[in-house]
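> My questions will all concern the structure given below.
What follows is calculated from the coordinates using simple rules that are stated; it is not laboratory data. These numbers come from a predicted model, not from an experiment. Cβ coordinates were reconstructed from backbone atoms using ideal geometry, including for glycine residues, and neighbour counts include every protein chain displayed.
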Amino acid sequence: MLQNCITLISTLWPILLAVSQDSQPTVTFYTKEEIPIGNEIGNLKTRFSYPDGSQFNMLFPDSEIRRLFRLDSRTGALSTIARLDREVLCPNKPLECLRTFNVEVKRGGTGQEEVIVIRLIINDVNDQRPKFEAKHKKFRISIPESDNPPSYYSLPTAEDGDSDRYDHVKYDLKMIGDAGMYFKLFLEERGSKRVPKLELTKALDRETKDNYELQLLVSDEQHPEDQDSADIQIEVLDANDNKPQWRLAKQSITISECDRLHRPLLKLNATDEDLNERITYSIGKAAGKDVAKSFYISGDKLKQNQSLDYEKIRKKVLYIPLVAEDRGGSTVETYVELRVTDCNDHYPNITVEMIEDKILENDETEKVLARILVVDEDEGNNGTVDCVIGVPNKRKFQLTNRITDGQYKTIYKLKKLAHVSFDREATSGGEVRVDIICTDKGDSPRVGRKEVKIMILDENDNAPRIESKLYTFRIHENSPPNTLVGRVTARDDDIDENARLKFSLHSDGSRNFVIRNQGNNMAEIYSAVSFDREQIDHYRFTVTVADSGLKEQRTSTATVEVTIVDEDDSVPTFQFREYMFRIEEDYGRNLSKRYIGEVKATDADIGANQMIWYEVNRQYQASLADVGISGMYFYFNGSHLYGEGNFDREKQEIINLEIFARNRGPAKHKGSARVTITLNDVNDNAPSIQGLQKVYNLSENSPAGTPVLQVSGTDLDAGENGTLTYILDETEANRFTIDGKHGIVTLSGSLKNNQPEDGFQSQTYRLGIGVRDNGNPPLHSIKYTTFVHVSSGQASEHGRRVNQATKPGNRAGGGGGQRGVEILKTDQNLLILLCLAAVVFIVFVALLVILLYVHARGRRTARNRTRHPGVWYDKANGDTVEEQPSEVATETGLGFYRFADNPNNPNGTGASPLSAAGNALGSIVRNKYPSFGYLSSIDKQRGGLSVGAYNGQHGAMDQQQQQQAKTYYETYGRGSDRLPRKATAFQQTTAAAAAVGTSSTSQTGRQTIENKEYSNLIGRVEENRYADHQRYQQQHQHPGYAMLAETPASLAAAGTSTAAKPADTVVCRTPYMTSSFV
């Protein structure tokens, strides 16, 4: 009756029982195994009347709970999502197949959180059938014939996977043959179960029968139709007087799951009344698999070779069957009860479920961060766990809301306390590590540890830090824009956007520099212009670094100083473009070292580039020697100009020098200036007289005042030192006087005063003439002597010339008489120029006559051209073949061809072309030749006129002369010339060659060119030749020529009879080097 009631209750809708356990709401749900998937087990919302909007979530469900059940977070309904098999979930047949987990409920409206403990009991259904183990399907029992009834022997037991509630097994023994006479089934009570045994009911006689067979049947009491069987074979042994007897000290042993292995658990003791009978011990064949693999017998001691896990066995009792056997084969069985106790062999296992794994730095609010589940599968105090937070964060975090989930599960909440904040930059890696330490309460406590990592979210609370507050860079002047100046680096202790830096320049630097972000918290400064150090040699500006914070941007600044490094780019500049110095000349031929003066030049560069040294242009030194002035040398000592040598003003009064100022930079720039040195005169040259004749003639009739002669004196000095005064010797002072300024000697009295009356007698007077300058002191010339011869007659012509020369305006100082010479020289130059002009005019007229003659001859030749079917043109433009290949090839379609003279007919008459058109005789003009020719298009002949316009001008002639012009273009060729570019061009000449006949015996041959495209139009040959006749003769010993021939075909096309001209007839030919290609 009770069993039926339990069955009825388990099939009803799950009953919810709410109990209080450790101040936590607890609810127990009952369900049966094998219920349909999706079946609802219970509903938390309706059970506890939670308001709408409440949320339900499992806390730390293990993988089995997640696999089997689902909790609706809105309705609180718990349902199955997989098959429930109690025998799999609870294989060791515990009293209750229990699963426990926690549900966190967040009440709708208030948001209050609470935890409910769910106890889920899975009830068994009788869905398993008893089965024998495979090794017991054939079970053998040995019985000595001496055993007396009633004797009992162990039989294999069957296992039913259902719980003890449905584990009601029925055994039956099926006899085969006469086995029923000796055996029957005996059921022994062992705890709550009955164990089958074989009972011997009648003594056995081995001589009568030595073996028997039986079959052990097993079935479920509620399902007797499902049976399993084991074959029992009984062997009858020979008689043995006495059977062993067990003498065990105890029938029950208890071991701990942590006990040491291979230690004696029980001493086995059995006796045999036979003398010196040896007994062996073994574990019976009916032992279960846990017993068979975990225990063994060594000698007379029961030992353990494999640990048993209490957490799997729990309070289950194990039975160890023991067999004692003597030498005669007689056996006796017994069993020992084995119980396993718990030991503290499990460490607390900590699982962390993060609610918030990030906190904002500098945040002081209280915040729940994680749930902590601690599982210790030990029992009692061994499974009771307490957890704390380790240092150094013990005072910053707290474990709260301790919940005990079942016997060995504990749940905590980890929260950050209020008024506690963290600086992300001060923590390692930007995270906080919280140590959870859990210890059980066993005799030998075991400790579990778990580290919880909480990341600190960055707040933009740090300004960028520039590596240096002052950067100094250098850049060379004249460097092109976009030259790297230097790098600026910074760092920001924040992360992500708060640490992404942007560099910029203030306005004081942005005009001349640019800054470019390069990433990795670095920027590069480049020049925006090319710098001139001589204008500005130093720049100072500010660099700003800002982070990219979203809420707030923080900045820092640094100063940058850029020094412009000098380049040798400035030319030294003299203070004056021209320096003028005056020094006194040396006296006579003296040599001296003279200080001329000081110059000064500056260079805008600095350092070595600014250092200047001076030099004199040596070309000016050489120019002094060119004009005959040698021995003077000029040089600098520092900025002081010196000269050495003989400074003779009379050789060169003014000395012009070019001086250089060079810097000592690598470019060695130089500046220049002119120096003019004027030599002041000293009276170092005595005057002299030139052109004084030995004898001067006078007539006796010369009156007083008649000029006798004029003395010309010179003095190389200048000024007063070169101003001359002429002196006459006093011996003839009564007859002659001299003009001291002009040097004119005149007759001072009559020459007849001292002559006799009977007649004049010739006389000769000796005059001593000298000259001195007006220097201080004056210098005198030597005294010059001349003679004046007085004879009878008129005044001499010499006197008249002297008189004319001494008229006012014809003399100047001591240099009178030179102007007449200068006028004569001018007249001569004018005559030369007139002669040259006449010669140029005559040459011009001759050239003009030649050109007119050539032009007239060309016109006569042009009139002759129209009398033949072919029209010749010449094109003396000097182009080479390689310069215009595409134009010619486009016009002719044939390329460039060059042909040899016909040696058999040098006059050109009766010339025969080759008949074999494919034989590429001759050479193609690919290089520069004296001349070449090609057929031009009719369009070019028209000179750009349209067809209608052309026919209007030349229609009458063209209608009569519509014939094919076959042109033979010949020049001398060499056998070493290169082969043609376009061999296919010769294929067009086959028909024309066949029409005119025979082949030529020339070595290089001659080729006929026919342009079939214009076969009905008048063709023309154009030529290009060298104007250099000498070069032509060097390259070709035989001048080439061109000829125009009339063929029978062309004459027939023109309507002319061909009887008189059966073969080709040459109309005309011309050498290439003539002025006109006729």
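> Averaging the inverse of every distinct alpha carbon separation and then flipping it gives the Kirkwood radius. What is it for segment 406-473, in angstrom units?
Values: mean 1/r = 0.0604 Å⁻¹.
Computed over segment 406-473, the radius equals 16.5 Å.
> With the contact rule set at Cα under 8 Å and sequence spacing of 6 or more, what percent relative contact order holds for segment 183-313? Please report the intermediate quantities before stating the final value.
On the way: 162 pairs, mean separation 21.7, N = 131.
Across segment 183-313, relative contact order equals 17 percent.
> A further question follows. Restrict the search to segment 308-380; then list the trypsin sites (Lys or Arg not before Pro) that DSSP places in a loop and that have at most 13 other Cβ atoms within 10 Å of their Cβ. Write out the running numbers ahead of the final one.
Working: sites: K312, R314, K315, K316, R327, R339, K358, K367, R371; in loops: R314, K315, K316, R327.
Passing both the DSSP loop test and the Cβ count: K315, R327.
> Using 0.36 nm per residue of separation minus the Cα-Cα distance, give me the extension gain between A838 and T254 in nm, one decimal. Present the calculation step by step, with values, prior to reporting the outcome.
Working: separation 584, 0.36 × 584 = 210.24 nm, distance 15.73 nm.
So the extension gain works out to 194.5 nm.
> If we count other beta carbons within 10 Å of each Cβ, what is the order of D605, D210, fewest first?
Numbers: D605 25, D210 14.
By the 10 Å Cβ count, ascending, the order reads D210, D605.
> Okay, next question. Report the Cα-based extents of segment 128-239 along its three principal axes, largest first, to the nearest Å.
Computed over the Cα atoms, the extents are 47, 24, 22 Å.
> How long is the gain from E650 to R465 if the chain were fully straight, where each residue apart is worth 0.36 nm and the alpha carbon distance is subtracted? Intermediate values should be presented prior to the final figure.
Details: separation 185, 0.36 × 185 = 66.60 nm, distance 8.21 nm.
Gain on extension, E650 to R465, equals 58.4 nm.
> How much FRET efficiency would the formula 1/(1 + (r/R0)^6) give for D127 and K293, where r is the Cβ-Cβ distance and R0 is 25 Å, rounded to 0.05?
Working: r = 28 Å, r/R0 = 1.11.
E between D127 and K293, to the nearest 0.05, is 0.35.
> Starting with the fewest neighbours, write out E477, E578 ranked by other beta-carbon atoms found within 10 Å of each beta-carbon.
On the way: E477 20, E578 10.
In increasing order of surrounding Cβ atoms, one gets E578, E477.
> Next up: How many angstrom lie between the C-alpha centres of segment 738-752 and segment 329-350?
177
> Work out the charge dipole of segment 609-679 with +1 on the Cβ of Lys and Arg and -1 on the Cβ of Asp and Glu about the Cα centre, then indicate which of N656, T678, N637 is farthest towards its positive end.
Final value for the positive-end residue is N637.
> Name the residues of segment 382-420 whose amide N is less than 15 Å from a point 7 angstrom out from the Cα of E451 along the C-beta direction?
390-393, by backbone N distance to the label point.
> Please compute the modelled spin-label separation between R540 and A608, points set 7 Å along Cα→Cβ, answer in nm with one decimal.
Reported label-point gap for A608 and R540 is 3.0 nm.
> Quick one: if the Förster radius is 35 Å, what FRET efficiency do D386 and S548 give, using the C-beta to C-beta distance and rounding to 0.05?
On the way: r = 48 Å, r/R0 = 1.36.
FRET efficiency, D386 to S548: 0.15.
> What is the Cα centroid distance between segment 220-280 and segment 69-145, reported in whole angstrom?
Spelled out, the Cα-based centre of one part sits 35 Å from the other.
> Which whole-number percent gives the relative contact order of segment 465-565, counting Cα pairs below 8 Å spaced six or more residues apart?
Values: 233 pairs, mean separation 38.7, N = 101.
Value for segment 465-565: 38 percent.
> Extension gain R165-T573, at 0.36 nm per residue separation less the Cα-Cα distance, in nm?
Values: separation 408, 0.36 × 408 = 146.88 nm, distance 12.34 nm.
Full extension from R165 to T573 adds 134.5 nm.
> Further question: Once amide H atoms are placed 1.01 Å from N in the peptide plane, what residues at a sequence separation of 5 or more from L187, or on another chain, have their amide H within under 5 Å of its amide H?
It is K197, by chain and number.
> Now for a different question. For a 21 Å ceiling on Cα separation, which of these pairs sit above it: K394/K453; K193/K267; K243/K289; K131/K202; K137/K174; K135/K250? Walk me through the numbers before you get to the answer.
On the way: K394/K453 15 Å; K193/K267 27 Å; K243/K289 28 Å; K131/K202 30 Å; K137/K174 15 Å; K135/K250 29 Å.
Result: K193/K267; K243/K289; K131/K202; K135/K250 exceed 21 Å.
> Could I ask something else about it? Between A203 and K174, what's the calculated FRET efficiency when r is the beta-carbon distance and R0 is 25 Å? Round to 0.05.
Details: r = 23 Å, r/R0 = 0.90.
Approximately 0.65, to the nearest 0.05.
> What number, in percent, do you get for the relative contact order of segment 567-668 if the mean sequence gap of Cα pairs under 8 Å and at least 6 apart is divided by its residue count? Show your work: numbers first, answer last.
Values: 177 pairs, mean separation 39.8, N = 102.
Contact order relative to length: 39 percent.
> I've got another one for you. Could you work out how far apart the two model spin labels at Q619 and M354 are, taking each label as a point 7 Å from the Cα in the direction of the beta carbon, and quote it in nm?
Going from the Q619 label point to the M354 one covers 8.6 nm.
> Also, quick follow-up: For each of S592, S792, count neighbouring Cβ atoms within 10 Å of the residue's Cβ, then give the residues from fewest to most. Walk me through the numbers before you get to the answer.
Numbers: S592 14, S792 11.
Starting with the residue having the fewest Cβ neighbours, the order is S792, S592.
> Separate question: Along the Cα→Cβ direction, 7 angstrom out, place labels at E584 and T559. What is the inter-label distance in nm?
Inter-label distance under the simple model: 6.4 nm.
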